[in-house]
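Below: the structure, in structure tokens.
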Amino acid sequence: MKLALEEQMKDRGDRAAPDEILVVAAILGDLSAFDELVRRYRAAVVRTAGRIVGRDDADDVAQESLLLAFKALPSIEDPGRFAAWLGVITRHHALRFAKREKTRMAGSVELDEVLLEHIGSLVQPPHEPCESDVMLRNAIAELPSDYATALSLRFLDEMPLKRIAAFLGVPVSTVKWRLHRGKRLLRDKLGADRESAQFVKANTSGDQ
């Protein structure tokens, strides 16, 4: 079966393999498949964790959430909903972390070290924001959470609309609305500062 999955991935050429194919491959022991899933959704996991535990602990909580997800993969009921499932795991773990309720299974540390060694995207260094990213991030941070998350994932992390929708568990149309409304809120907030408003417009173009 593993060979059949590999052939399906090869047959797709340059097209990205769907999440469900990667999930099944990862369950069968293909760490590179899970590495690709982490690459796709790590930014969303970090953003979600950060909104619950704060920016300082976001990377640690995100890494722990991804490790928990890997260990729980065999229990996933619908591989096609991996992103939404990962979002739930992230939120639950972040809430536990915030309440200082940390539980670890015996032997988990040793397994974590093996996974960290073989899944490079788990230890990917945080993106070092440029000055324009910082300005945009600070402006977005003042918006309501739903709009801020959608804007951050789309324009700071450059995540595709379909993956944002999958991770948040909402339709693509809802993501588009949040982006549209969020950009209007940004421009309204910065309306008195013409230069800042023009900057926001230039850096959040598209997805109308």
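Restricting the first member to the range 21-36 and to residues that are closer than 18 Å to ASP78 by Cα and in the same structural domain as ASP78 (by TED's automatic domain parsing), and the second to residues that are basic (Lys, Arg) and surrounded by fewer than 18 Cβ atoms within 10 Å (Cβ to Cβ), the beta-carbon pairs closer than 6 Å and six or more apart or on different chains are LEU28/LYS2. The number of residues in the range 12-65 that are under 30 Å from LYS99 (Cα atoms) and not in a helix (DSSP H, G or I) comes to 1.
So that you can scan it fast, the table gives a plain yes or no per residue for (1) at pLDDT 90 or above; (2) closer than 17 Å to ARG42 by Cα:
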| residue | (1), (2) |
| --- | --- |
| SER75 | yes, no |
| LEU86 | yes, yes |
| LYS102 | no, no |
| ALA106 | no, no |
| VAL114 | no, no |
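The values are calculated or read from the model by the stated rules, or taken from the named source; none is laboratory data. Bear in mind the structure is a predicted one, so any value in this text is a computation, not a measurement. We place every Cβ from the backbone using ideal geometry, glycine too, and count neighbours over all the protein chains shown.
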